[in-house]
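Right, one structure below, let's go through it.
Computed from the coordinates by the stated procedures, all read-outs in this text should not be read as laboratory data. Bear in mind that the values here come from a model prediction, so they are computed numbers and not experimental data. So basically every Cβ, Gly included, is an ideal-geometry build from the backbone, and we count neighbours across all protein chains shown.
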């Protein structure tokens, strides 16, 4: 039986093999990580909190289950009120003057613009006390179907003059600053409704 003869590897051959090993390792790493990075990019780009949303993302999202409010008839806000629907919320601290009227108008028009999906979105006006007669008349005339509740406090809806978005699981997730373009709200809601498995 012939003895195996070990041939010494020169410096050049050693460097060549080491370089080839590194390239192989990098290729394996790329094959593993590129699909993950691609998936993360797509998810980040299309999820509500990604870079494509027009509203301001609430991070972390806030639960609204603790909200205590009553209807104008004195009935408490049901614990399940926010579940199963997307909800646009506006908080009114005093009189409904021009910014308030504009926000309510935008909420109405945004919902209408959703077409066949409009039934998946409800509108809620939270007030600090029973609405004055003028406000009641305006709501009945211009905003039929909007829910009006008197809230003990405005928490967690702390963004002054903003239109808030609550998801069908009861999380405050987005808000639009006063004067925000309704086109951005429509784009966001259409995307959310398309991706949503609930509500």
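Rounded to the nearest whole angstrom, the semi-axes of the ellipsoid equivalent to the stretch 38-188, taken from the Cα gyration tensor as √(5λ), stand at 26, 17, 14, largest first.
Here the residues 135, 67, ranked from fewest to most Cβ neighbours within 10 Å of their Cβ, fall in the order 135, 67. State, to one decimal in nm, how far the label point of residue 109 lies from the label point of residue 140, with both points 7 Å from Cα in the Cβ direction. Output for this residue pair reads 2.6 nm.
Distance between Cα centroids, the stretch 134-199 to the stretch 53-78: provide it in whole Å. Between the Cα centres of the stretch 134-199 and the stretch 53-78 lies a distance of 10 Å. Taking other C-beta atoms within 10 Å as the exposure proxy, 85, 106 rank 85, 106 from fewest upward. Spread over its residues, the convex hull of the C-alpha atoms of the stretch 54-110 is 141 Å³ per residue. Exposure proxy shown here: for 143, 164, the number of other Cβ atoms within 10 Å sets the order, fewest to most, as 143, 164.
For the stretch 56-195, the relative contact order is 38 percent, taking Cα pairs closer than 8 Å that sit 6 or more residues apart in sequence and dividing their mean separation by the residue count.
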